[in-house]
1. Six or more apart or on different chains, Cβ atoms under 6 Å: show the pairs whose first residue is in segment C:124-140 and closer than 22 Å to residue B:23 by Cβ and whose second is of a type in the set (S, T, N, Q).
2. Inspect all residues belonging to segment A:9-21 and state whether any of them is among the charged types (D, E, K, R) and in contact with a Lys or Arg (Cβ under 9 Å, 6 or more places away or on another chain).
3. Against the conditions (1) touching a strand residue (DSSP E or B) at 6+ places or on another chain (Cβ under 6 Å); (2) modelled with pLDDT of 95 or more; (3) not in a loop (DSSP other than H, G, I, E, B), where does residue D:137 fall short? Just the number, please.
4. Restricting attention to segment C:75-96, which residues are within 23 Å of residue C:31 (Cβ to Cβ) and of a type in the set (Val, Ile, Thr)?
5. Kindly provide the set of residues from segment D:53-103 that are among the charged types (D, E, K, R) and in contact with a Pro (Cβ under 7 Å, 6 or more places away or on another chain), ordered by number.
6. Looking for whichever is more than 8 Å from every other protein chain (Cβ to nearest Cβ), buried (at least 20 other Cβ atoms within 10 Å of the Cβ) and touching a helix residue (DSSP H, G or I) at 6+ places or on another chain (Cβ under 9 Å) here; the options are B:29, B:7. Which one fits?
7. Within segment D:47-60, is even one residue at pLDDT 95 or above, open to solvent by 20 Å² or more (accessible area, probe 1.4 Å), closer than 22 Å to residue A:123 by Cβ and not β-branched (Val, Ile, Thr)?
8. When you scan segment A:72-102, how many residues do you find that are open to solvent by less than 50 Å² (accessible area, probe 1.4 Å), more than 14 Å from chain C (Cβ to nearest Cβ) and of a type in the set (Ser, Thr, Tyr)?
4 protein chains.
Amino acid sequence: MNNAEDHKWGETRLRVRYAETDQAGVVYHSNYLIWFEVGRVELCRDYGFNYRDMEREEDAHLPVVEARVKYHSPARYDDEIVVRTRVVQARTRAIKFAYEIFRASDGALLAEGETYHVVMNKQGRTRSFPMKYAEMIKNGKASADKQGGKESQ
Amino acid sequence: MNNAEDHKWGETRLRVRYAETDQAGVVYHSNYLIWFEVGRVELCRDYGFNYRDMEREEDAHLPVVEARVKYHSPARYDDEIVVRTRVVQARTRAIKFAYEIFRASDGALLAEGETYHVVMNKQGRTRSFPMKYAEMIKNGKASADKQGGKESQ
Amino acid sequence: MNNAEDHKWGETRLRVRYAETDQAGVVYHSNYLIWFEVGRVELCRDYGFNYRDMEREEDAHLPVVEARVKYHSPARYDDEIVVRTRVVQARTRAIKFAYEIFRASDGALLAEGETYHVVMNKQGRTRSFPMKYAEMIKNGKASADKQGGKESQ
Amino acid sequence: MNNAEDHKWGETRLRVRYAETDQAGVVYHSNYLIWFEVGRVELCRDYGFNYRDMEREEDAHLPVVEARVKYHSPARYDDEIVVRTRVVQARTRAIKFAYEIFRASDGALLAEGETYHVVMNKQGRTRSFPMKYAEMIKNGKASADKQGGKESQ
């Protein structure tokens, strides 16, 4: 589809919920995959589209077919978290995102990871990205640029 | 539909997952609603039906419209939990379940609660219980009796 | 402690995560208890304190001993949610909060509920609210007033 | 520590909860990490120890420092799931587990993955495996053999 190396990082923030901690006093590790999802959806919004609409209007879904997470330092209750997300590979029928999770207060890198998705319809058959959305992802660099403050330097 | 006072308790067991604990070292309180769901689904199985099939084949769903939980003592990681569930009210278009959550090792009552459900189709319109399922719930007492060991004295 | 009827509503917003939906296409009902927690913590922040600090510095915890939720209308994926929270009863060793959950786009009331908490130390022994925090809750009305835009009319 | 290639698979079963599904009608992908944890804990039990006791009595924790999941086919509500777990690398201060997730009804492979853990104390300092537990893992093959039906052929 396009040269993903041009894609810029999107950024969103969230606060750690008590429910996300475990008895070790840190965030339970599966929650980072949920935060990746939050980052991914907000990156789509930066790109000018709503992931929900793509599912509803185009019957195009992006199930995760592979996920990797490296945990560097634990997130803790009430930490403000920065989720940085970037497209690292965009193909006709697949897309790969990379993520970095930081603590806002001290900028510590808490985790990083990748998710690989194929484009599928509701019945689980692979399909191409709907044209409109493929274009928006292709134009990601440009539109992300316009957003200014929403991305990193 | 029927006199719910005749309904017997169903019983199922589960083990507390690390993911269900929080930084206070106990199970986070919202998980009890999930355990209630586990108890409810297993009670349906005792009654001879699969809640999944009722959704799929009859387009009859049981969304929760009201829930109440009283927390007596905390469940902890790796505890074996006993979920006891009972129908306390069964009407044409609604059903109420009661729950008791025990720790298996010492029989301590950890929590109790109720959920109230209406019967709805996928579009969110109230409807009657499908006949077949209404019958099975009506016959709950009898079929539960046959199960012997699955219920309490 | 104080006349809770004077307490104002605090307000915070969140966006529904894909992970919070279930196969009925709506938010799974236990997540509302987690949103209540988010509202409660943000209300504490409005009151001038951090719930995390109260746990850490004073060994004062607020476990939920009773919870009630009424579900009026389902929240859906990507909805922006408004959580309104209010102290309805503040005693020396216990506190009750009320919640209202709205969808931001159309102002629909999705759910409402209450949680009742006792003040405990880490070992699970009831204790009084730490003086400093009791004062801040008592002064809730005044400090909430100063915050202006953070509360509803 | 020992030649991990000798380690046998442990096996445990669970049933998909409604709360684990998402609006695509399948299990939300982060839940597989929680099922991996269930498999890991049950494998420890096969090895003759309780992960909870190791945390409590020895202050030895096994935080996840890296996780990988490949998703082959979606798990669905009420599916009975088989979690197979195996030690693939055991060192003095670290351990790696591999997982396979199957659907019981048709034996379909739904997902597979790995988690890598370091041994830490509560303060987050790396340490060695407590001797007693190192021994039990080392003897894993033998003790797993004795269990017979609990492992695959």
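1. Once the first residue is closer than 22 Å to residue B:23 by Cβ and sits in segment C:124-140, its partners that are of a type in the set (S, T, N, Q) give C:127/C:121.
2. Yes, segment A:9-21 contains at least one residue that is among the charged types (D, E, K, R) and in contact with a Lys or Arg (Cβ under 9 Å, 6 or more places away or on another chain).
3. Of everything listed in (1) touching a strand residue (DSSP E or B) at 6+ places or on another chain (Cβ under 6 Å); (2) modelled with pLDDT of 95 or more; (3) not in a loop (DSSP other than H, G, I, E, B), residue D:137 misses just condition (2).
4. Across segment C:75-96, the qualifying residues are C:81, C:82, C:83, C:85, C:87, C:88, C:95.
5. D:58
6. The unique qualifying residue is B:7.
7. no
8. Matching residues across segment A:72-102 total 3.
The values are calculated or read from the model by the stated rules, or taken from the named source; none is laboratory data. Bear in mind that the values here come from a model prediction, so they are computed numbers and not experimental data. With ideal geometry, Cβ positions are generated from the backbone for all residues, glycine too; neighbour counts draw on all protein chains shown. Heads up: the accessible areas ignore ligands, DNA and RNA and are worked out on the full protein's heavy atoms, side chains in. Shrake-Rupley method; radii C 1.70, N 1.55, O 1.52, S 1.80 Å.
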